[in-house]
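Asker: The structure under discussion is supplied below as structure tokens; questions concerning it will follow.
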Amino acid sequence: MTSSVQLNPDIVVRFAPSPNGLLHLGHAYAAMMAHDFARARGGQFLLRIEDIDSGRSRPEFVTAILDDLRWLGLGWDGNVIFQSQRLDSYAAAADRLKALDLLYPCFCSRSDIRHLQEEGLQPEGPDGPVYAGTCRHLDPQQARKRAATEPHSWRLDVAKAAAITGPLQWTDERHGLQASRPELLGDVILVPKETPVAYHLAVTVDDARDGITHVVRGDDLFASTAIHRLLQALLGLPTPIYFHHRLLCDEEGAKLAKSRGSASLSVLRLAGKSGQDLLQDFRQGIFPVGISLS
Ligand code: GLU
């Protein structure tokens, strides 16, 4: 941090990777954006490992994330935060929503969902197919009975929730003031069948718990913010300011993803490349061949 930047305790930003794989150039860009946003304003930069999916998270990916960030020269403040150590607080938040009668059990299997999609009953939303609402219409008593024995997830009844909160807004420093449209994402799962909590609930609870004032993350999560804003209103949590940044894309304009073969940072690191030089280039708008900003 340069000495001319005054420390500002009112700015807290985080980078929140999921250790489900190795980080790639898109993650390096996202981490840099959050880090530089905090440092330019004298704020704190926290690192939160979003390891709620015990089936997909791996300790070796956590180690690689920490090594990659050090290699990039992106230092974080305080201890690394692990979501896997906070499961109680997510369960408490889910219980509050259940007490408000805003969650309903969903018994749909993957093949049920696929079927609904094939039938054209699940319109495409900004974040994937929107759930058709099948289990929202189950008789509540019967649903409770089935929930005692059958595997199920818990979905947020978005229309019911939005009727309680009324219209909501949030501010994005890049995109401007947003009228929240959670209905575009539909009844998202907050407690999945196989894992203790879903991303939307964990991230909302944690951004409040960690005192995050500015959520700096990629445009791929822009639409999700409407759900986070709704959960903040329901759970009485503060609303941070958002900054959704552009994404690094490949030659076809698709966001970089490991599944599409984007090189991992650890490959570059272990090949002896300089992570700090890489980010200096990024800061000047210089990207490797075939990669550009959305
Ligand atoms: N854990 C999420 C991911 O890796 C990011 C969470 C966020 O920045 O809100 O995509």
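Asker: Considering all alpha-carbon pairs of the stretch 125-218, what whole percent are spaced by more than 19 angstrom?
Answerer: The proportion of pairs with Cα distances above 19 Å equals 55 percent.
Asker: Under the rule of -39500 (n - 2.57) per DSSP H run of 4 or more residues, summed and divided by the residues of the chain, what mean residue ellipticity at 222 nm is obtained, to the nearest 500 deg cm²/dmol?
Answerer: When only DSSP H runs of four or more count, the value is -10500 deg cm²/dmol.
Asker: State the cysteines of the chain left without a partner when partners are defined as other cysteines whose beta carbon lies under 4.7 Å away.
Answerer: Within the chain, the cysteines lacking a partner Cβ under 4.7 Å are CYS108, CYS249.
Asker: Loop-only check: which trypsin sites (Lys or Arg not before Pro) in the stretch 32-102 are DSSP coil with at most 15 other Cβ within 10 angstrom?
Answerer: Passing both the DSSP loop test and the Cβ count: ARG56.
Asker: Let me understand the stretch 168-272 better: what is its radius of gyration from the alpha carbons, and its Dmax, in angstrom?
Answerer: 16.2, 49
Asker: Moving to a separate point now. Normalised radius of gyration for the stretch 82-145, please: alpha carbon Rg relative to 2.2 N^0.38 Å, two decimal places.
Answerer: Compactness ratio reported: 1.39.
Asker: Hey, can you grab everything whose amide H is under 5 Å from the amide H of GLN44? Only 5+ residues off in sequence or another chain; H modelled, so Pro and N-termini drop out.
Answerer: Residues meeting the criterion, in which the H sits 1.01 Å from N, are ILE11, VAL12, VAL13.
Asker: Order the peptides 213-223, 282-292 from the highest to the lowest mean number of other Cβ atoms within 10 Å of their residues.
Answerer: For the peptides 213-223, 282-292, the packing ranking is 213-223, 282-292.
Asker: Still on this structure, I have one more. Take the Cα pairs of the chain, get the Kirkwood Rh, then feed it into Stokes-Einstein at 37 °C and 0.692 mPa s and tell me D in µm²/s.
Answerer: 160 µm²/s
Asker: If you don't mind, another one. What does the charge add up to near ARG217, with Lys and Arg as +1, Asp and Glu as -1, over the other residues with Cβ less than 15 Å from its Cβ?
Answerer: That sum, taken over residues with Cβ under 15 Å, equals -4.
Asker: Working from the alpha-carbon coordinates of the stretch 1-138, get Rg over Rh, Rh being the Kirkwood radius.
Answerer: Ratio value, two decimals: 1.09.
Asker: Give me the one-decimal nm value for the distance between modelled label points at ALA254 and THR149, 7 Å along each residue's Cα-to-Cβ direction.
Answerer: 4.4 nm
Asker: I need the phi-derived Karplus couplings for the stretch 119-133: 6.51 cos²θ - 1.76 cosθ + 1.60, θ = phi - 60°, integer Hz, Gly and Pro marked x.
Answerer: Taking θ as phi minus 60°, the curve returns 6, x, 8, 10, x, 6, x, x, 10, x, x, 8, 4, 6, x Hz for the stretch 119-133.
Asker: Need the list of lysines near LYS160 for cross-linking: C-alpha distance under 18 angstrom, and skip anything on the same chain fewer than eight residues off.
Answerer: Partners within reach: LYS98.
Asker: Which GluC sites (Glu not before Pro) in the stretch 173-235 sit in a loop by DSSP (not H, G, I, E or B) and have at most 16 other Cβ atoms within 10 Å of their own Cβ?
Answerer: GLU173, GLU194
Asker: Once you put a point 7 Å from the Cα of SER292 and another 7 Å from the Cα of ALA40, both along the Cβ direction, what distance in nm separates them?
Answerer: Each label point is offset 7 Å from its Cα along the Cβ direction, giving 2.2 nm.
Only the coordinates and a few stated rules stand behind these numbers; no lab work does. No experiment lies behind these values; they were computed from the predicted model shown. Cβ: placed from backbone, ideal geometry, glycine included. Neighbour counts: every protein chain shown.
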